[in-house]
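Every number in this text was worked out from the coordinates using simple rules, so none of it is lab data. In this text, all values refer to a predicted model and were calculated from it rather than measured experimentally. Heads up, the Cβs are rebuilt from the backbone with ideal geometry, glycines too, and the neighbour counts pull from every protein chain shown.
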Amino acid sequence: MMDFSLNEEQEMFRNYVRKCLNEAGQTMVAREFTCGNTSEFIKLQKKLAELGCTGITISEEYGGLGLGALDLVPVLEEFGRAVLPGAYLETMAFVVPLLEKYGTREQKETYLPEIAAGTRSFSIAWVEPNKSYDPDVIECQAVTKGSSLVINGVKTLVPDGNQVESLLLIVRTDEGGNGDGLSLVLIDVNEVTDMKTLSSMDETRNVTEITLENVEVPMARVIGEVNQGWNVLKEGLLYLHAATSSMLVGSMDHIVEMSSEYAKIREQFGQPIGRFQAIKHRIVDMKLDLETARSLSHYANWALDTNQQDKEAAIYSARTFATEANIRLASHNIQNHGGIGFTMEMDCHLFLKRARFYENYMGSISQFREDVSKGLGWSYEKPRFQLTSK
């Protein structure tokens, strides 16, 4: 029988992270962030970096711990419990794995030590206005000029673009279909021509729109080979979605805890509401969803670390189930709390908004299901990209 539970060291590190988040007030950091006060978030970021959270998957020679995706799981779960703002997910579970595998020596020496120290973070600039995640609709152009690329275009729904130092940009460097002709380019935020903040359902995750007009960057900033960016990007998405499932599990864990505690103290008709069958059975169903999502998430990250044959199916299965279950649990949590669950006084709304944020994040649920089918060898059709930005 295989055991995918976390080991003693991983659980011990989880306790350190939770203690750090407890001292910061858990969801109070997110609440302050939504009000425009980012000072507590910045302080917490520094403490988490000192704890080693920003170096987990970075090689030791660049100042990291040299660990794997499974070692990120307890940290991501704790961040999910606190509805923590910021681009930790995009940095550690997307850009770092790509830099480690495809980055040049110069790129690694430039970015990885700063990421490990907590002084540099990344976001992903992919979607363009009124377009989907389909790679073939990307129009942001990068034209070769000597040893440089000149970039022109607009990217929207860039997560936390105003909170990071750098961006991983998906650009078109040649014509082509089925993902051909795309490249991944690293740029600094201060090189962007214009940036504006957009409204977001989840106020703990800022989204921005960036404009690039004749932005010239060295060819050395391209990750992997020119025109082969889609294959690199797809591998990065495996890490990102595996990590996202872990963060969603953390949110679900806190949601179940919130509902259980409230059901014990809220009385109706002279007894705690947790004694009523409707509430009791609903919380049991929530717990079952949580543990199923946790098992899928742990297996997905283990399969990724050990390069199992079914890793793609495992990752997208975890992402699909955790995404849908998180929305379901967040909705049930509000119902369990009754009228007070709709108020800003409670944390219920934070978790529902975060659940909806990740519903169509870097793809849609229908697309994830198609990817599960492809991973199992049941389908060879091109994935359907249905989400369109507005």
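For the reader, a short list of remarks on this structure follows.
- Partners of LYS19 within straight-line reach, counting lysines whose Cα lies under 29 Å from its Cα and excluding those fewer than 8 residues away in the same chain: LYS43, LYS46, LYS47, LYS264, LYS287, LYS353.
- Calculated [θ] (222 nm, deg cm²/dmol) that DSSP helices of n ≥ 4 give over the chain, each run adding -39,500 (n - 2.57): -16000 deg cm²/dmol
- Taking PHE269, PHE368, PHE351 and counting other C-beta atoms within 10 Å, the order from fewest to most: PHE269, PHE368, PHE351
- Each label was represented as a point 7 Å from its Cα along the Cα-to-Cβ direction; for SER260 and ASP188 these points are 4.8 nm apart.
- Across GLY36, GLY64, GLY270, mean-square fluctuation computed from a Gaussian network of the chain (C-alpha pairs under 10 Å connected) peaks at GLY270.
- Sorting 335-348, 127-140 by average packing, meaning the other beta carbons within 10 Å per residue, from highest down gives 127-140, 335-348.
- Dipole moment magnitude, nearest 20 debye, the stretch 230-375 about Cα centre, only Lys, Arg, Asp, Glu C-beta charged: 280
- Modelled FRET efficiency - R0 35 Å, GLU291 with TRP378, Cβ distances, 0.05 increments: 0.85
- Estimated vicinal HN-Hα couplings, Hz - the stretch 148-163 in sequence order (Karplus 6.51, -1.76, 1.60; Gly, Pro = x): 10, 10, 10, 10, 9, x, 10, 10, 10, 6, 6, x, 6, x, 8, 10
- Exposure proxy for VAL284, VAL222, VAL249, VAL215: other Cβ atoms within 10 Å of each Cβ, ordered fewest to most, give VAL284, VAL215, VAL222, VAL249.
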